[in-house]
Structures are given as C-alpha cells and as structure tokens.
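The values are calculated or read from the model by the stated rules, or taken from the named source; none is laboratory data. Given the structure is predicted, the values throughout are model-derived calculations rather than measurements. All Cβ positions, even for glycine, are placed from backbone atoms using ideal geometry, and neighbour counts span all protein chains on display. The protein model used for the area step is the full one, side chains on, heavy atoms only, and it has no ligands, DNA or RNA in it. Shrake-Rupley method; radii C 1.70, N 1.55, O 1.52, S 1.80 Å.
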Amino acid sequence: MSWTARLLTLFPEMFPGPLGHSLAGRALARGQWTLEAIDIRDHATGRHRSVDDAPFGGGAGMVMRPDVIDAAAEAAALSGAPLIVLTPRGRPLTQARVASLAAGPGVVLLCGRYEGIDQRVIEARSMEELSIGDYVLSGGEPAAMVLLDAVVRLLPGVMGAEESGEEESFSSGLLEYPHYTRPALWKGRAVPEVLLGGNHAAIAEWRQAEAERITRERRPDLWAAWQALADAAPTA
Ligand code: 6GU
C-alpha cells in the first residue's frame, strides 16, 4: 500500500489540482502515493443535505455540523493515520511534523470551510489542528495542498539523489545560502569570488556564514532556536 492522503472537503473537484503536476504529480502517476478526495456532502442526511448551521450564541457565518463531519471521518478512517483539520487556529505546521507524517502510512485531512467546525467533533475524534501560517485563507483546501506537497517530496524515491534535501532550509535549522550560476558576470553583477576558486572548504565556510547572516536578518525566531541548539551541542 502506498502512502495515502484522504481528503474530506466540500470541493473535491479542487483535487489533485496543483498536486497533479511537477514532482508530486509525477509521484502520483507512478503510484508512489495515493490521493482520495471525499465529498463531505455525501455524508449529510435529511431533506436539505445541509452540512452547516448557524452558530449557537450568535455571530457571523456558519459552523460545520458535528454529525456530518463525524460520519465523513468514520468513512475516511485510515489505520494508523492521524486525522488532521486544517484551520488558521491550529498549531503551526513544521518540517519536523511533515517528516513524521512522511514516515507513517498516510493522513486524513479535513478541510474546514465557513466560520469553523463544531468543537465537539474535533474533540471526539481527537483531531490534530494545524495551520500553515499567520494569515487567513477562505478554506483549508490550499493548506491541505501545501501540507501534501511538503510530505510527498520526502517519500522514498520521490526526490532524485541530486535534489535530496540534506542542505535545504529548515532541515539544518537555518535558511539557505544564496545560489549563483552562469554567466559569472551579469548586468555588472559578479558572482562572489570564493565560489569561482574551487576551494571547497572555503566555499562551505562562506555558505555557512551566509546562511547564518540571512537567518539572523530575516528570522530572529529561527536564529534564536539555532543558537540555543548550537550552544547545547557545539559542532562548528
Ligand atoms: Cl490551515 N486554513 C485556513 N482557512 N486558513 C489558514 C490556514 C489553514 N493556515 C493559515 N491560514
């Protein structure tokens, strides 16, 4: 059985969407992972097939009904796979969580819409709530695509040896150093001299220093975490 993503969504036609292209799309075509989009509305009952209702206590928007979400979650359950709800009120998605998902059998992803999901079904099903950043999307579908793109590239055999993720941002805890290719002089801008010299130790040192500088400038949060780690286990 290949790594499986089951999506619970009101817009199943959005999938595979971008995940049908490029690296993830080629892996999907090769059978290295499986994508199943399930329409939440198929699990609605009653004459109107409603999936949402007005919030108790009043307020704007609609809330997804617990009974409908529960039935959809029951139908989608995947042995050993977590049930994750994508919502801006979730804990931040990290590369560490992405890697742990890639190491498991798959994931069930619930894409939230409207103002939210009834809290009782989130608790009853022990759902893990994840967010992809501090901004608000109109629904969880693009966030599910982001999560899956990040996971699929880590599955065995998906990335070639040349694009292997050893040196990239976040695996090391630092942002990546800048890259350069031909021409060596472009619009009056030269490539940093050290990269042209073939001194591999000097190149590695320059790249490390650039990675640290960029992280310090752009991401004081990552910089503090990296420094704390470096202090605890000095290597360089
Ligand atoms: Cl996971 N969902 C929505 N709707 N908005 C978000 C998000 C998720 N992560 C950041 N913003």
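Summary of values
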quantity: Long-range neighbours under 7 Å by Cβ, at least six apart or interchain, first residue within 19 Å of residue 13 (Cβ to Cβ) within the range 131-151, second among the basic types (Lys, Arg) and more than 6 Å from the ligand (Cβ to nearest atom); calculated: 139/113
quantity: In the range 136-156, the residues that are open to solvent by less than 20 Å² (accessible area, probe 1.4 Å), within 10 Å of the ligand (Cβ to nearest atom) and more than 9 Å from the chain's Cα centre (by Cα); calculated: 139, 140, 141
quantity: Test result for residue 74, in contact with a Cys (Cβ under 9 Å, 6 or more places away or on another chain) and within 22 Å of residue 33 (Cα to Cα); calculated: no
quantity: Output for the range 48-92, where each listed residue is on the phi > 0 side of the Ramachandran plot and not charged (D, E, K, R); calculated: 57, 58, 59, 61, 80
quantity: Criterion (in contact with a Gly (Cβ under 7 Å, 6 or more places away or on another chain), modelled with pLDDT under 95, away from the ligand (no atom under 16 Å from the Cβ) and open to solvent by 40 Å² or more (accessible area, probe 1.4 Å)) met by exactly one of 164, 171; calculated: 171
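A quick yes/no check of all residues on (1) of a type in the set (A, V, I, L, M, F, W, C); (2) within 16 Å of the ligand (Cβ to nearest atom); (3) in contact with a helix residue (DSSP H, G or I) (Cβ under 6 Å, 6 or more places away or on another chain):
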{"site": "70", "(1), (2), (3)": "no, no, yes"}
{"site": "79", "(1), (2), (3)": "no, no, no"}
{"site": "89", "(1), (2), (3)": "no, yes, no"}
{"site": "127", "(1), (2), (3)": "yes, yes, no"}
